[in-house]
Amino acid sequence: MNGVDPGDRVRAGIKDGIVVKALIYIVAFAGEDYSITQQGNFARIVYGMTSPQNTEALQKTEDLLTKARIGHTQAEDIEKEIWKKFLVNCCFNVATAYYDCTIGPIRQDPEKAKVYEDLATEAWQVGRARGIALEDKHLDTTIRRFYDEYADEAGSSLQRDMHAGKTAELETFSGFIVSEGERLGVPVPVSKKLFEELYSRQKRFATCSVSPRYMQRL
């Protein structure tokens with residue numbers, strides 16, 4: 001449930017069925033033995049549907065999550081909620097992967113911190129251009145959390161995967177913003193610079209999973 005388009009991709013790939021869009025807030029890691037380890041006790045799913053609403057499908061989702069004892073919230077505007085999380089991913093994941101470090105060193109360096117802010121701003125602008133109901137406060141909150149809330153040792157899955165030479169969600173967190181910015185006529189120079197550098201690094205690994213959607217135009 002990372003990124004902003006998994007629901008659309010799933011819907012395009014199935015003939016029957018109903019897709020309920022969702023996002024998840026959780027800290028978890030995959031082990032070499034394919035086990036999953038959750039860090040802390042926090043896990044929450046936000047779900048919803050764009051118009052037209054399907055009351056029966058939403059109720060089935062509610063019942064399923066309740067029985068599984070998973071914290072959940074039904075969103076009035078699921079697209080906005082997905083993008084609110086995506087704003088964080090576009091700067092948190094990409095910046096930590098680019099500098100190959102945790103949040104602390106980025107926050108303590110004014111130039112690196114400015115790059116983080118620029119990544120958030122460019123993603124916010126792309127979201128607005130797509131018609132997502134993002135407000136100024138959503139961008140402000142994303143940047144404030146970077147300065148005031150994250151622990152110095154906080155890292156990202158993108159940074160860990162790229163550092164280890166594993167398959168990484170580079171297209172999800174970075175390439176998507178670059179390609180959408182180009183499509184919508186929104187300048188995203190910082191996102192483009194970091195994506196191209198990260199793509200270049202990942203090409204060295206056989207597990208490179210970046211889609212050619214954007215790179216074919218370079």
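The values are calculated or read from the model by the stated rules, or taken from the named source; none is laboratory data. The model shown is predicted, which means the values in this text are computed figures rather than measured ones. Note that we place each Cβ from the backbone using ideal geometry, even for glycine, and neighbour counts take in every protein chain shown. For accessibility, only protein heavy atoms count, side chains too; no ligands or nucleic acids. Shrake-Rupley method; radii C 1.70, N 1.55, O 1.52, S 1.80 Å.
List pairs: first in the range 1-30 and in contact (Cβ under 8 Å) with a residue 40 or more places away in the chain and in a strand (DSSP E or B), second of a type in the set (A, V, I, L, M) and open to solvent by 60 Å² or more (accessible area, probe 1.4 Å), Cβ under 7 Å, 6+ apart or cross-chain?
ALA22/MET1; LEU23/MET1
Within the range 151-162, how many residues turn out to be open to solvent by 40 Å² or more (accessible area, probe 1.4 Å) and in contact with a Gly (Cβ under 9 Å, 6 or more places away or on another chain)?
Counting residues in the range 151-162 that are open to solvent by 40 Å² or more (accessible area, probe 1.4 Å) and in contact with a Gly (Cβ under 9 Å, 6 or more places away or on another chain) gives 3.
It is to be established whether one or more residues within the range 140-150 are buried (at least 21 other Cβ atoms within 10 Å of the Cβ) and hydroxyl-bearing (Ser, Thr, Tyr).
yes
Of the residues ARG9, ARG44, which single one is within 17 Å of the chain's Cα centre (by Cα) and farther than 28 Å from TYR150 by Cβ?
ARG9
For THR66, are the conditions met, namely being over 29 Å from VAL188 (Cα atoms), assigned to a strand (DSSP E or B) and open to solvent by 60 Å² or more (accessible area, probe 1.4 Å)?
The answer is no for THR66.
Identify, please: which residue in the range 179-194 is assigned to a helix (DSSP H, G or I) and within 19 Å of LYS114 (Cβ to Cβ) and is, among those, most open to solvent (accessible area, probe 1.4 Å)?
LYS193
Of all the residues that make up the range 41-57, how many are under 14 Å from GLY7 (Cβ atoms) and either in contact (Cβ under 8 Å) with a residue 12 or more places away in the chain or touching a strand residue (DSSP E or B) at 6+ places or on another chain (Cβ under 8 Å) (or both)?
8
Cβ-Cβ distance below 7 Å, separation of 6 or more or different chains: which pairs start in the range 70-88 with a residue that is among the aromatic types (Phe, Trp, Tyr) and end on one that is crowded, with 18+ Cβ neighbours inside 10 Å?
Every condition considered, the pairs that remain are TRP83/VAL4; TRP83/GLY127; TRP83/ILE132; TRP83/LEU134; PHE86/GLY3; PHE86/VAL4; PHE86/ALA123.
May I ask you to verify whether GLU122 is within 23 Å of MET1 (Cβ to Cβ) and exposed (fewer than 15 other Cβ atoms within 10 Å of the Cβ)? Give the derivation first.
On the way: within 23 Å of MET1 (Cβ to Cβ): yes; exposed (fewer than 15 other Cβ atoms within 10 Å of the Cβ): no.
No.
If GLN39 satisfies all but one of (1) surrounded by 12 or more Cβ atoms within 10 Å (Cβ to Cβ); (2) assigned to a strand (DSSP E or B), what's the number of the condition it fails?
So GLN39 meets the others, but not (1).
Within the range 86-103, is there a residue that is part of a helix (DSSP H, G or I), touching a Gly at 6+ places or on another chain (Cβ under 9 Å), among the aromatic types (Phe, Trp, Tyr) and open to solvent by less than 10 Å² (accessible area, probe 1.4 Å)?
Yes, the range 86-103 contains a residue that is part of a helix (DSSP H, G or I), touching a Gly at 6+ places or on another chain (Cβ under 9 Å), among the aromatic types (Phe, Trp, Tyr) and open to solvent by less than 10 Å² (accessible area, probe 1.4 Å).
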